[in-house]
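Chemist: Right, I'll just put the structure down here and ask away after.
The values are calculated or read from the model by the stated rules, or taken from the named source; none is laboratory data. This structure is a prediction, so every number in the text was calculated from the model and none was measured. Ideal geometry is used to build each Cβ from the backbone, glycine not excepted, and the neighbour counts take in all protein chains shown.
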Amino acid sequence: MVTSLLPWVFASFFILPSSGKLYQNPSQLVKTDYDYIVVGAGAGGAVVAARLSEDPRISVLLVEAGISNEGITDVAIPLMGLSLTPNTMLDWNFTTTPQPGLNNRAIAYPRGRLLGGSTSVNYMVYMRGSEDDFNRYASVTKDSGWKWDHMQQYAQRNENLVSPGDQHNTTGQLIPSQHSTSGAISVSLAGNPTPIDSRVIATTRELSDEFPFNPDMVGGNILGIGWSFASIGNGTRSSSAVGYLAPAAGRSNLDVVINAQATKLEVTGKVRNVPSFRRVLVTEKAGAPVLALTAKHEIILSAGTFGTPTLLQLSGIGDRNELRAAGVATVVHNPSVGKNMSDHALLPNVWNVNSSDTYDSVLRNPDEFKVSLAQWTKDRTGPLGSHITNNLGWLRLPKTASIFKTTHDPAAGPKSSHFEMLFVNMWVNPNVPPPPTGNFMSVVLALISPTSRGSIKITSSNPFAKPLINPNLVATDFDIFTLVEAVKAAKRFVSAKAWKGYIQDAVGGLETAKTDKQIEAYVRENTNTIWHAVGTAAMSAKGANYGVVDPDLKVKGVDGLRVVDGSILPFVPNAHTEGPIYLIAERGADLIKKDFRPHP
Ligand SMILES: Cc1cc2nc3c(=O)[nH]c(=O)nc-3n(C[C@H](O)[C@H](O)[C@H](O)COP(=O)(O)OP(=O)(O)OC[C@H]3O[C@@H](n4cnc5c(N)ncnc54)[C@H](O)[C@@H]3O)c2cc1C
Ligand SMILES: *[C@@H]1O[C@H](CO)[C@@H](O)[C@H](O)[C@H]1NC(C)=O
Ligand SMILES: *[C@@H]1O[C@H](CO)[C@@H](O)[C@H](O)[C@H]1NC(C)=O
Ligand SMILES: *[C@@H]1O[C@H](CO)[C@@H](O)[C@H](O)[C@H]1NC(C)=O
Ligand SMILES: *[C@@H]1O[C@H](CO)[C@@H](O)[C@H](O)[C@H]1NC(C)=O
Ligand SMILES: *[C@@H]1O[C@H](CO)[C@@H](O)[C@H](O)[C@H]1NC(C)=O
């Protein structure tokens, strides 16, 4: 993959606040108290800041550790998403602890560090999750407001279905009535056809029992293989910075400060006998001046699955033994903070193909890249205007699978999946860079209903020290069983007649991995993550004996603090996570607005 950001910069096409409304660092701020302070401008935080500031009575400050997305052309060009992480100026550069399930490999764990958060660096696949996912969130939290049907109003606010960049006829690729055309984020089908699309669809006809066609997976019925949607409008990334922050930029009641890392929340008093956390310390970098900011109403943590629990821990909210070991005084003992992380493991499977029309050469050959860039610059079409997968699918293990003798089915429900397949017209493998020659197809597998749970914890009171991140990938019998079965399913998929003359031999250990034991070894050697970790500040029912936030997203045992980001999801959904996080953030903003009283 292209490893460095390309140097050229275009005229900026996203107009973000400039006349004093976008502050370049905390020392520029002229005001230190606001009704609400939102920490983190990713999927969750951008939604909350934009929705709260729709009410002109409410003053909002959005605090973001990273830089602006504005003017970074590679962020705007969809296919260049592959080059934005890991370990770049747009990334937090996290690495996991050695993963026992992955032969003790430690892997990079990218997180976006700029306006838009990870939605500014991700691969833009867009879905809402399954009906079962949200109904399960409702049942474990005993709050029917999280039910799928109730959440659809928030999907309406989030999605704006637009034509694909190449304006192709989309009949048969989606069900229009299942989409919204009035939301903030542009969503479209893939804007560049690839030679594998028709073969994938032909396989759904040829092997329809195992791989049925799904006419539209955004509407909650996710099972089967169909066309993939992406948060792209007019061949350009539609991140939360583009879809939510840019339109809100002119509001006099919304301030945004970048290069501002929140380092600690402080107790400002007691309310109803619990500590109130309405002050947040922010700084540009280690050693720079620290500014204290105060929220009259609430501080909203939207720092993400890694940022939110670590900020809680740095502030004395967490497991008392872990806090003591890190040298942090405990204010509220809650052993659930940072626990129950759940993630989708990713397993790349790559085949040589008999074609020169793959994306491999576009990203590797400077002359081809120039041609594609000129095309994208002209009208936003071509390979660069599209995302990496035109088709994907969600599949279940058979009911008779032997693992169900020992493991209760962990899927969210009978209409939810155990694993996913993504079809990619190029080499995709986070562990191994693409070779200098060759053309490839990847069937990327993801484990969707893991039973493994991981954790995150600070080891020091220094907010700039890296936390220990342990997603604990593929740590259970169920998880390894499912990935082994998924590999066999992928092999069956590409053995359909539709692939004859196109697919050649598999790359790496895939070709020779035949027995379950050999496939297991291949899985452990090659699995990575698809970067969907959630659950580290999980919601649970009011009064439950575990969990970090109540169903209204207020942090348990304290006052003045809510969490609105991926960390609240107690189970990783049947989706790439931005869509479900947008939905919960829309509802979160609604809950906060409903509680707003002009004079606290
Ligand atoms: C490489 C990659 C590819 C992905 N591909 C897809 C995909 O195709 N489709 C999909 O749906 N999802 C994808 N995801 C996942 C998706 O982007 C995330 O699940 C989602 O953006 C998480 O939203 P969030 O609000 O929880 O956190 P984020 O979007 O990560 O936002 C958190 C924000 O908080 C900021 N922050 C953190 N700590 C602090 C602090 N202390 N002070 C101030 N600011 C702070 C961060 O800089 C960031 O801007 C991908 C993720 C990655 C990394
Ligand atoms: C991540 O690494 C890049 C490249 O070395 C660097 O520019 C950037 O500052 C790092 N980010 C953080 C948060 O340390
Ligand atoms: C799109 O394709 C469908 C089915 O092939 C056809 O009925 C319809 O007329 C086409 N629409 C346009 C605008 O060409
Ligand atoms: C993790 O979640 C489960 C429910 O899925 C719960 O029973 C358990 O107590 C949680 N663990 C912690 C440490 O929060
Ligand atoms: C899409 O982008 C191109 C190139 O900037 C521009 O000319 C065109 O007007 C845009 N189309 C829409 C529908 O916004
Ligand atoms: C490669 O594809 C071409 C058609 O595009 C076909 O004629 C040829 O037989 C294929 N080669 C192999 C080895 O399958």
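Rundown of residues vs (1) surrounded by fewer than 18 Cβ atoms within 10 Å (Cβ to Cβ); (2) of a type outside the set (Val, Ile, Thr); (3) within 16 Å of ligand 6 (Cβ to nearest atom); (4) free of Cβ contacts under 8 Å to residues at least 40 places away in the same chain, yes/no style:
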site: Ala138; (1), (2), (3), (4): no, yes, no, yes
site: Trp148; (1), (2), (3), (4): no, yes, no, no
site: Tyr154; (1), (2), (3), (4): no, yes, no, no
site: Asn160; (1), (2), (3), (4): no, yes, no, no
site: Ser163; (1), (2), (3), (4): yes, yes, no, yes
site: Thr171; (1), (2), (3), (4): yes, no, no, yes
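Chemist: A further question on this structure: Does Gly579 satisfy being buried (at least 23 other Cβ atoms within 10 Å of the Cβ), at pLDDT 95 or above and at positive phi?
Modeler: Against the criterion (buried (at least 23 other Cβ atoms within 10 Å of the Cβ), at pLDDT 95 or above and at positive phi), Gly579 does not qualify.
Chemist: Consider Val328 against the criteria (1) under 27 Å from Pro433 (Cα atoms); (2) within 16 Å of ligand 1 (Cβ to nearest atom); (3) over 27 Å from the mean Cα position of the chain (by Cα): it satisfies all of them except one. Which criterion is unmet?
Modeler: (1)
Chemist: Looking at the stretch 343-354, I want the residues that are under 17 Å from Pro435 (Cβ atoms) and away from ligand 5 (no atom under 16 Å from the Cβ) and have a partner that is outside any strand (DSSP E or B) and aromatic (Phe, Trp, Tyr) with Cβ atoms under 7 Å, at least 6 apart or on another chain. Which pairs are those?
Modeler: Val350/Trp427; Val353/Tyr502; Asn354/Tyr502
Chemist: Please tell me if Val125 is in contact (Cβ under 8 Å) with a residue 40 or more places away in the chain and crowded, with 24+ Cβ neighbours inside 10 Å. Before the answer, list the steps.
Modeler: Numbers: in contact (Cβ under 8 Å) with a residue 40 or more places away in the chain: yes; crowded, with 24+ Cβ neighbours inside 10 Å: no.
Taking the combined requirement at face value, the residue does not satisfy it.
Residue by residue, here is whether (1) among the charged types (D, E, K, R); (2) more than 16 Å from ligand 2 (Cβ to nearest atom) holds:
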{"residue": "Gly287", "(1), (2)": "no, no"}
{"residue": "Val290", "(1), (2)": "no, yes"}
{"residue": "Glu298", "(1), (2)": "yes, yes"}
{"residue": "Pro309", "(1), (2)": "no, yes"}
{"residue": "Asp319", "(1), (2)": "yes, yes"}
{"residue": "Gly338", "(1), (2)": "no, yes"}
{"residue": "Ala345", "(1), (2)": "no, yes"}
{"residue": "Val350", "(1), (2)": "no, yes"}
{"residue": "Ser355", "(1), (2)": "no, yes"}
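Chemist: Let me ask something else. Does the stretch 257-268 include one or more residues that are farther than 21 Å from Ser118 by Cβ and either in a helix (DSSP H, G or I) or without any contact (Cβ under 8 Å) to a residue 60 or more places away in the chain (or both)?
Modeler: The answer is yes; a qualifying residue exists.
Chemist: Mind listing whichever residues of the stretch 14-27 are out of contact with any helix residue (DSSP H, G or I) (no Cβ under 7 Å at 6 or more places or on another chain), at pLDDT below 95 and not small (Gly, Ala, Ser)?
Modeler: Hits for the stretch 14-27 are Pro17, Lys21.
Chemist: Examine the stretch 215-235 for a residue that is part of a loop (DSSP other than H, G, I, E, B), closer than 15 Å to Ser68 by Cα and not acidic (Asp, Glu), and state whether such a residue exists.
Modeler: Within the stretch 215-235, not a single residue is part of a loop (DSSP other than H, G, I, E, B), closer than 15 Å to Ser68 by Cα and not acidic (Asp, Glu).
Chemist: Spot the failing condition for Ala246; the list is (1) surrounded by 20 or more Cβ atoms within 10 Å (Cβ to Cβ); (2) farther than 17 Å from Val125 by Cα; (3) within 16 Å of ligand 6 (Cβ to nearest atom), and only one is missed.
Modeler: Answer for Ala246: the failing condition is (3).
Chemist: Looking at the stretch 509-558, which of the residues that are within 20 Å of Pro430 (Cβ to Cβ) and among the small types (Gly, Ala, Ser) is farthest from ligand 5 (Cβ to nearest atom)?
Modeler: Ala521
Chemist: Test of understanding: among Ala329, Ala325, Ala292, which residue is surrounded by fewer than 20 Cβ atoms within 10 Å (Cβ to Cβ), free of Cβ contacts under 8 Å to residues at least 40 places away in the same chain and either more than 30 Å from Thr482 (Cβ to Cβ) or of a type outside the set (A, V, I, L, M, F, W, C) (or both)?
Modeler: Answer to the selection: Ala329.
Chemist: Looking at Leu395, Leu363, Leu347, which is the one that is at pLDDT below 95 and within 26 Å of Ala490 (Cα to Cα)?
Modeler: Of the residues listed, the single one that is at pLDDT below 95 and within 26 Å of Ala490 (Cα to Cα) is Leu363.
Chemist: Here is a follow-up. Which numbered condition in (1) at pLDDT 95 or above; (2) within 25 Å of the chain's Cα centre (by Cα) is the only one that Lys296 fails?
Modeler: Every condition holds for Lys296 apart from (2).
Chemist: Output the residue which, of all residues in the stretch 251-265 that are surrounded by fewer than 23 Cβ atoms within 10 Å (Cβ to Cβ) and of a type in the set (D, E, K, R), is farthest from Leu301 (Cα to Cα).
Modeler: Arg251
Chemist: Right, next: Quick check on Lys514: is it assigned to a loop (DSSP other than H, G, I, E, B), without any contact (Cβ under 8 Å) to a residue 40 or more places away in the chain and among the basic types (Lys, Arg)?
Modeler: For Lys514, the condition - assigned to a loop (DSSP other than H, G, I, E, B), without any contact (Cβ under 8 Å) to a residue 40 or more places away in the chain and among the basic types (Lys, Arg) - is met.
Chemist: Are any residues in the stretch 198-214 of a type outside the set (S, T, N, Q), in contact (Cβ under 8 Å) with a residue 40 or more places away in the chain and either buried (at least 18 other Cβ atoms within 10 Å of the Cβ) or part of a loop (DSSP other than H, G, I, E, B) (or both), and if so, which ones?
Modeler: Arg199, Val200, Ile201, Leu207, Glu210, Phe211
Chemist: Do we find a residue being more than 9 Å from ligand 1 (Cβ to nearest atom) and of a type in the set (D, E, K, R) anywhere in the stretch 76-92?
Modeler: The answer is no, given that none of the residues of the stretch 76-92 is more than 9 Å from ligand 1 (Cβ to nearest atom) and of a type in the set (D, E, K, R).
Chemist: Considering (1) surrounded by 24 or more Cβ atoms within 10 Å (Cβ to Cβ); (2) of a type in the set (Ser, Thr, Tyr); (3) within 30 Å of Leu483 (Cα to Cα), say which one Thr407 fails and leave the rest.
Modeler: Of (1) surrounded by 24 or more Cβ atoms within 10 Å (Cβ to Cβ); (2) of a type in the set (Ser, Thr, Tyr); (3) within 30 Å of Leu483 (Cα to Cα), only one is false for Thr407: (1).
Chemist: Something else now. Output the residues belonging to the stretch 68-105 that are in a loop (DSSP other than H, G, I, E, B), more than 22 Å from Ala230 (Cβ to Cβ) and within 16 Å of ligand 2 (Cβ to nearest atom).
Modeler: Within the stretch 68-105, Ser68, Asn87, Met89, Trp92, Asn93 meet the criteria.
Chemist: While we're looking at this one, here's another question. State all residues of the stretch 454-474 that are surrounded by 18 or more Cβ atoms within 10 Å (Cβ to Cβ) and either under 19 Å from Asp409 (Cα atoms) or of a type in the set (S, T, N, Q) (or both); if no residue qualifies, say none.
Modeler: The answer is Ser455, Asn470, Asn472, Leu473, Val474.
Chemist: Hey, could you check the stretch 548-569 for residues that are touching a strand residue (DSSP E or B) at 6+ places or on another chain (Cβ under 6 Å) and in a loop (DSSP other than H, G, I, E, B) and say which is surrounded by the most Cβ atoms within 10 Å (Cβ to Cβ)?
Modeler: The selected residue is Val564.
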